[in-house]
Structures are given as structure tokens and as C-alpha cells.
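Undergrad: Once you've had a glance at the structure underneath, I'll fire off some questions.
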Amino acid sequence: MAVGTRRDELTEAATDYALEHGLIGLSLRPLARALGTSDRMLLYHFEDKDDLVATILRSTVARSAQSLRELPVPRDLRSAVLELWRAVTTGPQERCQRLYVEAAALGLFGREPYATTVRETNAEWGAAVAAHFERAGLGRAAARQATVLVDATFMGLQLDEPLDSEPQLRRTVKDLADAVVARWGSGA
């Protein structure tokens, strides 16, 4: 089996593991055991633990961006914001978002590889969100501006989510959707 192919397989399996268990406290031996390999073999395929973590983060963001590209075309800008929130807070996408929030929080403290990798992957995520807004009828420049506002708000809401009530979160997301429409129009 080629090294690249095995690395890809390990990346997907390690990503699944991290989505289930998180990144904080990730240890190579339990991860390797869960993947049916050894920590030495992980280090054969990945430069070090930081390379493995960065690869997991890139894989997670790639999965998230792909799921956004697969969303149906929104009927208008307001529904685009609401559908995006629903997508990032349910199902497999929710776990991807939680892992990203965890990595971003660690990156805020300058911890590597989190800080660098989060910065790198933000472009891919932002492009997927902007494309979602473009499908709702926004022009490219407006879609990028809306992406910055919505993404920052969603990040804050996801950090507060365990502390806020579900009705409060829903109300806040609806207010955000209304604000986006008020600023950029209804879209399509």
C-alpha cells in the first residue's frame, strides 16, 4: 500500500476519532489503538503529533465546506442564514463545528498547530459560506461581507450555546437573518 494512500486512510479515521472525542487531551497511543495501529506507525505517516492535528483540522474543515456546497439553493437571503445555522448545529456538521470552535479557542492562546491551521482553513470555510450566500442572490463582494458578519456571530453563538437557552439562540439567529437582509437586501 502506498504511503499517501495509507496516510489518507489514517487521516479520515483520525478525523472521525477526533470528531467523537475532541482535540483537547488527544493522545497518540489511544488514538492509534482505536485506529488499529501503533503510535510509531502514526508518526511514520505524520511528521509529529502537531502534523496529525493540523491534518485532522484541515480534513474537518474540508468536510464542513463540502457539506455547505451540498446544501440546496436557498430561496432567499434570510433562509440562507437560517439554513446555514441549522446546518452547522445539527448532524455531522455540528461535530465538525464543535471541533473547529475547540481548535479556534486553543489558537487564541497561541497554541500550535491550532493558531496557524485555523488561520489557513478559514479561507476554505469562508469561501463555502460566501458561495452559499451567492446562491441566495448576493453578489461576490456582498457575499464576502455577509460571510464575515454571519461567521463571527455564529462563532460567538456556538461558544455561548451551552449557556443560552434554545429559544434565545433561535431568536438571535432570526434577528441576525433579519439584519443581513436589512443590510444586503433579500437576495434572490
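The values are calculated or read from the model by the stated rules, or taken from the named source; none is laboratory data. Nothing here was measured: the structure is a model prediction, and the numbers come from that model. Cβ: placed from backbone, ideal geometry, glycine included. Neighbour counts: every protein chain shown.
Undergrad: Give the residue that is nearest to His132 (Cα to Cα), with candidates limited to residues of segment 61-114 that are of a type in the set (Gly, Ala, Ser) and without any contact (Cβ under 8 Å) to a residue 24 or more places away in the chain.
TA: Initially, segment 61-114 is screened for residues of a type in the set (Gly, Ala, Ser), giving 62, 64-65, 67, 79-80, 87, 91, 103-105, 107, 110.
Narrowing further to those that are without any contact (Cβ under 8 Å) to a residue 24 or more places away in the chain: 87, 91, 107, 110.
Values: Ala87: 12, Gly91: 19, Gly107: 26, Gly110: 31 Å.
Only one residue fits best here, namely Ala87.
Undergrad: Tally time: how many residues in segment 73-103 are in contact with a Leu (Cβ under 9 Å, 6 or more places away or on another chain), within 29 Å of Leu26 (Cβ to Cβ) and among the small types (Gly, Ala, Ser)?
TA: 2
Undergrad: Still on this structure: Determine if segment 172-180 includes at least one residue that is within 18 Å of Ala131 (Cα to Cα) and either at pLDDT 95 or above or not basic (Lys, Arg) (or both).
TA: Within segment 172-180, one or more residues are within 18 Å of Ala131 (Cα to Cα) and either at pLDDT 95 or above or not basic (Lys, Arg) (or both).
Undergrad: Same structure, new question: Would you mind stating whether Thr147 is among the β-branched types (Val, Ile, Thr), within 15 Å of the chain's Cα centre (by Cα) and closer than 28 Å to Asp50 by Cα?
TA: On the way: among the β-branched types (Val, Ile, Thr): yes; within 15 Å of the chain's Cα centre (by Cα): yes; closer than 28 Å to Asp50 by Cα: no.
Considered against the rule, which asks whether it is among the β-branched types (Val, Ile, Thr), within 15 Å of the chain's Cα centre (by Cα) and closer than 28 Å to Asp50 by Cα, Thr147 comes out as no.
Undergrad: Kindly check whether there is at least one residue in segment 131-146 that is touching a residue at least 40 places away in the same chain (Cβ under 8 Å) and surrounded by fewer than 19 Cβ atoms within 10 Å (Cβ to Cβ).
TA: The answer is yes; a qualifying residue exists.
Undergrad: Would you be able to tell me the number of residues in segment 102-129 that are buried (at least 17 other Cβ atoms within 10 Å of the Cβ) and under 19 Å from Thr15 (Cα atoms)?
TA: 10
Undergrad: I'm trying to understand the selection: among the residues of segment 110-143, which are of a type in the set (D, E, K, R) and touching a helix residue (DSSP H, G or I) at 6+ places or on another chain (Cβ under 6 Å)? Talk me through it step by step, then tell me what you get.
TA: Of the residues in segment 110-143, the ones of a type in the set (D, E, K, R) are 111-112, 119-120, 124, 134-135, 140.
Once the filter is applied, which keeps residues that are of a type in the set (D, E, K, R) and touching a helix residue (DSSP H, G or I) at 6+ places or on another chain (Cβ under 6 Å), segment 110-143 yields Glu124, Glu134.
Undergrad: Now a separate question. Output the residues belonging to segment 54-80 that are more than 16 Å from Trp125 (Cβ to Cβ) and hydrophobic (A, V, I, L, M, F, W, C).
TA: Val73, Leu77
Undergrad: Does at least one position in segment 52-62 carry a residue that is of a type outside the set (Phe, Trp, Tyr), closer than 30 Å to Leu138 by Cα, touching a Cys at 6+ places or on another chain (Cβ under 6 Å) and modelled with pLDDT of 95 or more?
TA: Taking segment 52-62 first, the residues of a type outside the set (Phe, Trp, Tyr) are 52-62.
Those left that are additionally closer than 30 Å to Leu138 by Cα: 57-62.
Add one more test, that the residue is touching a Cys at 6+ places or on another chain (Cβ under 6 Å), and what stays is 60.
When the remaining residues are screened for being modelled with pLDDT of 95 or more, the result is 60.
Yes, that holds for at least one residue.
Undergrad: If Asn122 meets every condition in (1) within 22 Å of Glu70 (Cα to Cα); (2) over 13 Å from the mean Cα position of the chain (by Cα); (3) without any contact (Cβ under 8 Å) to a residue 40 or more places away in the chain apart from one, which number is that one?
TA: Here Asn122 meets the rest and fails (2).
Undergrad: Can you name the residue in segment 150-160 that is of a type outside the set (Gly, Ala, Ser) and surrounded by fewer than 18 Cβ atoms within 10 Å (Cβ to Cβ) and, of all such residues, is farthest from Asp50 (Cα to Cα)?
TA: To start, the set of residues in segment 150-160 that are of a type outside the set (Gly, Ala, Ser) comprises 150-151, 153-155, 157-160.
Going one step further and asking which of them are surrounded by fewer than 18 Cβ atoms within 10 Å (Cβ to Cβ), we end up with 151, 155, 159-160.
Values: Asp151: 26, Met155: 24, Leu159: 24, Asp160: 28 Å.
Among residues in segment 150-160 that are of a type outside the set (Gly, Ala, Ser) and surrounded by fewer than 18 Cβ atoms within 10 Å (Cβ to Cβ), the one farthest from Asp50 (Cα to Cα) is Asp160.
Undergrad: Being under 11 Å from the mean Cα position of the chain (by Cα) and of a type outside the set (A, V, I, L, M, F, W, C) is the filter here, so list the residues in segment 90-119 that pass it.
TA: Pro92, Gln93, Glu94, Arg95, Gln97, Arg98, Tyr100, Glu102
Undergrad: Restricting to segment 83-93, and then to whatever is surrounded by fewer than 18 Cβ atoms within 10 Å (Cβ to Cβ) and closer than 17 Å to Leu176 by Cβ, can you tell me which residue is modelled with the highest pLDDT?
TA: Arg86
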